[in-house]
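Have a look at the structure below before the remarks.
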Amino acid sequence: MESTIPSKMKSSGLVAIVTLLGAFLAARIPYVVVPVSGYQLWWLLTYKLWMPLLRQLPSSWTSSWIEFLVPGWSWRRYHEPYKQLGSDVFLTVSPFGNILWVCDAYVISQITERRNDFPKDTAMYEAIDIFGKNLVTTEGNDWVRHRKATAATFSETNIRIVWAETLHQAQQVARSWIGTGHAPETVVNAWEDMKTLSLHVISRAGFGRKMVWPGETPSLSGSSVDAGINGDAIPEAHTLSFKAALSTVLENLFMVAVLPSVVLANIPSKTANLAYQAYKEWSAYMADMYQEKLAGIEAEHTSEDNNTGEVESMDLLGALIRNSASGGKDDQKALSKREVLGNAFIFMFGGHETTASTMYFAQIFLALHPASQRELQADLDAQFPADYPVASWDYDRECARLLATMPGAVLNETLRLVPPLMSLPKTTALGRGPQPLDLNGRTVYVPPGTRVNVVIPAAHRNPNYWPGPEEELHAFRPQRWLLDGASADHKQAGDLPIPFRPCKGAYLPFSEGRRACIGRRFALVEAVATLAVLLRHHSVELAVDDLATDEEVEKMGHAQRAEVWELTAAKARYMMSEGLSTLSFKPRDSVPLRFVERGSERFYQQ
Ligand code: HEM
């Protein structure tokens, strides 16, 4: 059945709502009328006041819509609302706007492939323009210009830096977690450390800035390129270190983006003043780095023998300046200095916590699923002989295998269950007329200006696209990504196992189509290398310190140990579902973990 609506129709106004509903009714798309759309700032800030009052109303009035008012419903309830409504596409209608919610793989593919018809809702991202327009905040031809200039920087040369730097940083993490050799006494704050690791890797691969781990002597990490650069030191002209400036801006981004500088600088709040200081400092660092790298590239152009600029420009910022500089001053396609710096910041912003949370959640899942951890370690054993030090791990030889065996499967499964981005906010383009979507052979026209939300967690648990029983979709089962389930055997066979590939539109941690994540490989290489280094000789375990001391655990029998472990696991599982922040899958609280030598696990030894 086909339904049509007038081409000039906008989604605002009563007529538009009525016509839209008519179109959706004709195409048999369910809709839910809600009093607020859930995205208004006033609602996000005050919903906890209103919800208890609304819940007092008779459920016969509210049951069909009340849960859609709770921020975060779209990931807390996964596929359930779609199942209840009998459709993987439905509409919420409110006086504040209509939203189309989608977790149908075929419809998602149409949306991500038709970039111009379903552009990104860039208004949502305006706040991250603070250092300049960039890849995330642009659309149309402007986005094409940004994407062309930035795509070349994510080269294999750059990925090799990611690999080498991650191996180095992950060894520092392991060293600090082992402490002085009393591993079982160490309670690891893995979330903070994964954020630090991720920051260090992106600083090196993104800006050529080497960061040293607390307790690490700079000489341990130095290469000729890094000599004299240390992200923790405060250079003369600055008041904060490079690392402090960056991490403070990232932590206070909302405040920095929303409040005018003069307010930030003058309100009597230490946090606001520090945020302002960090903003100024980071801007100054970026300006210095821009000049340094530009000078290196220009020197390279004037001297055939001098290849310093080439080495420097292997990092993302250097490559970006090189690409933009080669476009020439009159080239309309080149990025301006402000745009280059805007993109450099967005690489940091886009790649920091997303990758850190993936590595952190993977470790929690492995602590909760010791059998999967042992399988992962068996794959590592098969790949890396005992006398093969991390320093010899070669990117070309090792990385593809890691990604195709259990370490890669664990990451795929982690990103399926807790994708760092929960939805892809799209709209239907204004001025292009209503957009047809094919829904199971029926065509429905979505009016211009309608918000369209591709809901990633719902697609990731949509039973229509994933083999196995429905309840299994909520379980951590990395083996689903390994078609034959016995990945270690492939080491002997010498060829790479073929991973499971979900259908298009069903698995979107990095989105799909031309606007897919530009840092996908960067993130996967970093995360897989980290897991391999950490778990090659050690295991992560749940720390049960809240319930029992080490001496008490020591005296416990098997059943008692299982009991304390299960109580701790229940808390960790709760944190992994209810304890995540509403706006992104970010932990609000940390799950204490232990890092113990393999063979000394206190629970579930092999
Ligand atoms: C596990 C880690 C990561 C995940 C899950 C992730 C996920 C995503 C997703 C879903 C998008 C699409 C957003 C949208 O369309 O609204 C995206 C875009 C983007 N990501 Fe990532 N990302 C990760 C790591 C990185 C890294 C390491 C970088 C850079 C170093 C990065 C840079 C970007 C940029 C610049 C875009 C915008 C691309 C465009 O619009 O053309 N991301 N990412």
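Restricted to the stretch 508-541, and to residues that are surrounded by 22 or more Cβ atoms within 10 Å (Cβ to Cβ), more than 9 Å from the ligand (Cβ to nearest atom) and not hydrophobic (A, V, I, L, M, F, W, C), which residue is farthest from Val390 (Cα to Cα)? Result: Glu541. When Arg77, Arg55, Arg28, Arg115 are screened for being at pLDDT below 80 and either among the charged types (D, E, K, R) or in contact with a strand residue (DSSP E or B) (Cβ under 9 Å, 6 or more places away or on another chain) (or both), only Arg28 passes. State all residues of the stretch 425-441 that are touching a helix residue (DSSP H, G or I) at 6+ places or on another chain (Cβ under 7 Å) and within 16 Å of the ligand (Cβ to nearest atom); if no residue qualifies, say none. Listed by number, the residues that qualify are Pro425, Lys426.
Note on the stretch 306-334: among residues that are under 24 Å from Arg160 (Cβ atoms) and assigned to a loop (DSSP other than H, G, I, E, B), the one that is modelled with the highest pLDDT is Asp315.
The set of residues in the stretch 121-167 being of a type in the set (Lys, Arg) and in contact with an Asp or Glu (Cβ under 6 Å, 6 or more places away or on another chain) consists of Lys133 alone.
Please determine whether any residue of the stretch 473-481 is farther than 23 Å from Thr405 by Cα, modelled with pLDDT of 90 or more and either in contact with a Lys or Arg (Cβ under 8 Å, 6 or more places away or on another chain) or not in a strand (DSSP E or B) (or both). Looking for residues that are farther than 23 Å from Thr405 by Cα, modelled with pLDDT of 90 or more and either in contact with a Lys or Arg (Cβ under 8 Å, 6 or more places away or on another chain) or not in a strand (DSSP E or B) (or both), one finds none in the stretch 473-481, hence no. Filtering the stretch 105-130 to residues that are within 13 Å of the ligand (Cβ to nearest atom) and touching a Phe, Trp or Tyr at 6+ places or on another chain (Cβ under 7 Å) leaves Ile111, Ile128. Just one of the numbered conditions (1) surrounded by fewer than 23 Cβ atoms within 10 Å (Cβ to Cβ); (2) within 16 Å of the ligand (Cβ to nearest atom); (3) of a type in the set (S, T, N, Q) is not true of Thr549: (2). Residues of the stretch 345-375 that are aromatic (Phe, Trp, Tyr), within 14 Å of the ligand (Cβ to nearest atom) and under 18 Å from Gln479 (Cβ atoms): Phe361 alone.
One residue stands out in the stretch 459-472 among those that are outside any loop (DSSP other than H, G, I, E, B) and modelled with pLDDT under 90: the one that is nearest to Leu100 (Cα to Cα), namely Glu470.
Does Val212 fit the bill of being away from the ligand (no atom under 12 Å from the Cβ) and either part of a helix (DSSP H, G or I) or modelled with pLDDT under 90 (or both)? It is true that Val212 is away from the ligand (no atom under 12 Å from the Cβ) and either part of a helix (DSSP H, G or I) or modelled with pLDDT under 90 (or both). Of all residues in the stretch 367-384, those that are within 14 Å of Tyr604 (Cβ to Cβ) have Cβ atoms under 6 Å from Cβ atoms of residues that are crowded, with 20+ Cβ neighbours inside 10 Å and among the acidic types (Asp, Glu), 6 or more apart or on another chain, in Ala367/Glu541.
The values are calculated or read from the model by the stated rules, or taken from the named source; none is laboratory data. All values derive from a computational prediction rather than experimental measurement. A quick note on method: Cβ atoms are made from the backbone with ideal geometry, for glycine too, and the neighbour counts reach across all protein chains shown.
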